[in-house]
Ligand code: 6PG
């Protein structure tokens with residue numbers, strides 16, 4: 001019997017994907033650079049399903065039925081190229097190579113184009129949900145050709161998470177679309193985590209709550225519109241007491257957030273596309289600031305406001321106000337992320353159904369949340385929605401939240417508690433809804449120092465003012 005799919009790269013993510021496939025009754029060929037991992041998988045988990053271990057690339061390829069489907073799960077970058085080059089020469093036209101790692105979508109586009117010339121399908125696939133997701137049902141975001149999805153789709157839908165009976169997997173779009181969407185997923189993940197962290201900081205610093213009390217606030221929020229995996233795990237992390245010291249776990253962890261780089265990619269591409277994803281950018285910068293340890297120790301002790309934390313009615317309302325601010329800021333972060341996907345689709349010619357993207361993020365992935373149902377509904381009602389902020393339900397919720405949102409940020413500012421995520425989200429909201437922006441002045445400045453010209457509200461054409469002479473506008477020829 002031959003295998004319907006093979007996995008090469010059997011570190012924990014690859015191993016768990018292979019086990020998930022086998023547990024669903026698919027015969028899985030296994031391969032790893034070092035044989036030990038392959039043997040270990042079969043020894044420990046061989047009874048979970050049908051595995052065909054292979055100890056050379058040729059043996060692996062021979063174990064697969066056609067069209068062959070080879071899933072690569074190795075480190076992004078050069079290791080991925082090396083594995084592709086190891087297998088591509090052994091494959092035949094119509095076979096499919098899947099990169100399930102966190103590759104940059106530009107690499108995926110390049111690899112797809114070059115393998116297409118060799119008659120092979122290359123599918124860059126986003127997989128979210130960490131180790132547990134890979135084993136029990138991730139959210140899967142495959143790009144690549146529709147033909148490749150015809151054979152691969154049923155397998156991936158089978159092993160993905162399910163919500164309301166629907167698979168959290170869809171063909172996202174051609175070539176790099178799947179990895180692009182996974183990249184934006186991670187950017188949103190960063191923004192969501194930052195906003196939750198700011199909520200914690202405010203409840204503690206302004207509200208005087210203990211980590212254990214904040215854990216229970218989050219537990220309550222998790223029964224409402226903020227219900228999500230990230231809120232749920234936050235309450236668990238905050239409730240955790242360090243066994244050694246007896247202190248809240250969150251107080252014994254170094255406050256320098258690390259990153260593997262996918263959030264940074266999201267921001268870099270946001271800049272290239274000219275999409276203001278300020279919530280994601282601030283989240284990345286907040287991690288960078290936290291990790292600037294020598295800069296921070298040099299700056300420690302710089303003056304700040306002296307004000308006592310909240311009390312009385314303001315304190316009584318505070319947790320609810322923070323919930324409103326978190327919700328509104330989260331809507332902004334998602335609105336920005338979905339606009340980035342829209343812009344990427346336009347730039348690269350992908351046909352991406354934004355409502356479907358929200359739907360496959362409802363389960364399996366790190367940002368899974370009830371909230372994503374509302375995003376799917378918003379795009380179903382209005383497929384060409386310019387921003388989530390103008391869709392009926394979100395518009396009303398954010399308008400209703402805005403008093404609390406503004407008051408929480410004012411409190412943060414007056415107490416000197418940094419809330420880059422909340423603040424940039426509100427600035428974006430106010431910027432979008434403004435009748436006039438001071439960009440008119442920026443245009444004037446540009447024209448003054450560099451004759452960069454400007455357009456007028458009352459006449460067509462571009463204009464330049466003779467600033468040095470009499471200041472009269474003249475139209476450049
Ligand atoms: C996922 C996650 C995952 C990501 C890690 C860590 O969807 O399962 O996004 O792909 O790599 O969560 O990311 P950072 O190290 O950059 O925080």
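The values are calculated or read from the model by the stated rules, or taken from the named source; none is laboratory data. No experiment lies behind these values; they were computed from the predicted model shown. Quick reminder, even Gly has a Cβ in these numbers, built from the backbone with ideal geometry, and neighbours come from all protein chains shown.
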- Query: How do the pairs read when you match residues in the range 119-145 that are on the phi > 0 side of the Ramachandran plot with residues anywhere that are assigned to a strand (DSSP E or B) and near the ligand (Cβ under 8 Å from one of its atoms), using Cβ under 9 Å and keeping only pairs 6 or more apart or on different chains?
  - Reply: 129/139
- Task: Inspect the range 430-439 for any residue being closer than 30 Å to residue 308 by Cβ and modelled with pLDDT of 95 or more and give the result as yes or no.
- Result: yes
- Task: Could you tell me whether residue 463 is outside any strand (DSSP E or B), surrounded by 13 or more Cβ atoms within 10 Å (Cβ to Cβ) and over 39 Å from the mean Cα position of the chain (by Cα)?
- Result: no
- Answer with yes or no whether residue 181 is outside any loop (DSSP other than H, G, I, E, B), surrounded by 21 or more Cβ atoms within 10 Å (Cβ to Cβ) and within 23 Å of the chain's Cα centre (by Cα). yes
- Message: Consider the range 131-143. How many of its residues are within 13 Å of the chain's Cα centre (by Cα) and either within 8 Å of the ligand (Cβ to nearest atom) or more than 21 Å from residue 352 (Cβ to Cβ) (or both)?
- Response: 1
- Query: Is it true that some residue in the range 152-162 is within 16 Å of the ligand (Cβ to nearest atom), in contact (Cβ under 8 Å) with a residue 12 or more places away in the chain, buried (at least 21 other Cβ atoms within 10 Å of the Cβ) and not in a helix (DSSP H, G or I)?
  - Reply: yes
- Item | Some residue of the range 16-38 being buried (at least 16 other Cβ atoms within 10 Å of the Cβ) and out of contact with any helix residue (DSSP H, G or I) (no Cβ under 9 Å at 6 or more places or on another chain) | yes
- Query: So residue 418 fits all but one of (1) surrounded by fewer than 20 Cβ atoms within 10 Å (Cβ to Cβ); (2) assigned to a helix (DSSP H, G or I); (3) within 26 Å of the chain's Cα centre (by Cα); what number is the exception?
  - Reply: (2)
- Within the range 193-219, restricting to residues that are in contact with a strand residue (DSSP E or B) (Cβ under 8 Å, 6 or more places away or on another chain) and in a helix (DSSP H, G or I), the one that is nearest to the ligand (Cβ to nearest atom) is 211
- Query: Looking only at residues in the range 253-275 that are crowded, with 18+ Cβ neighbours inside 10 Å and in contact (Cβ under 8 Å) with a residue 40 or more places away in the chain, which one is farthest from the ligand (Cβ to nearest atom)?
  - Reply: 275
- Query: Looking at 93, 79, 53, 89, which one is loosely packed, with under 15 Cβ neighbours inside 10 Å, over 27 Å from the mean Cα position of the chain (by Cα) and either without any contact (Cβ under 8 Å) to a residue 24 or more places away in the chain or closer than 13 Å to residue 7 by Cβ (or both)?
  - Reply: 89
- Query: Hey, any hits in the range 119-128 for a residue that's within 16 Å of the ligand (Cβ to nearest atom), farther than 28 Å from residue 235 by Cα and surrounded by 24 or more Cβ atoms within 10 Å (Cβ to Cβ)?
  - Reply: yes
- Task: Within the range 360-385, track down each residue that is within 21 Å of residue 280 (Cα to Cα), touching a residue at least 24 places away in the same chain (Cβ under 8 Å) and touching a strand residue (DSSP E or B) at 6+ places or on another chain (Cβ under 9 Å).
- Result: 360, 361, 362, 365, 366, 367, 368, 369, 370, 371
- Item | Flag if residue 356 is over 19 Å from the mean Cα position of the chain (by Cα) and surrounded by fewer than 21 Cβ atoms within 10 Å (Cβ to Cβ) | no
- Task: Only residues that are over 17 Å from residue 33 (Cβ atoms) and touching a strand residue (DSSP E or B) at 6+ places or on another chain (Cβ under 6 Å): list them for the range 48-62, please.
- Result: 51, 52
- Message: Among the residues in the range 289-306, are any without any contact (Cβ under 8 Å) to a residue 12 or more places away in the chain, over 15 Å from the mean Cα position of the chain (by Cα) and within 16 Å of the ligand (Cβ to nearest atom)?
- Response: yes
- Output the residues belonging to the range 359-373 that are within 16 Å of the ligand (Cβ to nearest atom) and in contact with a helix residue (DSSP H, G or I) (Cβ under 6 Å, 6 or more places away or on another chain). 361, 362, 364, 366, 367, 368, 372
- Query: On the given criteria, is residue 246 outside any helix (DSSP H, G or I), in contact (Cβ under 8 Å) with a residue 24 or more places away in the chain and away from the ligand (no atom under 16 Å from the Cβ)?
  - Reply: no
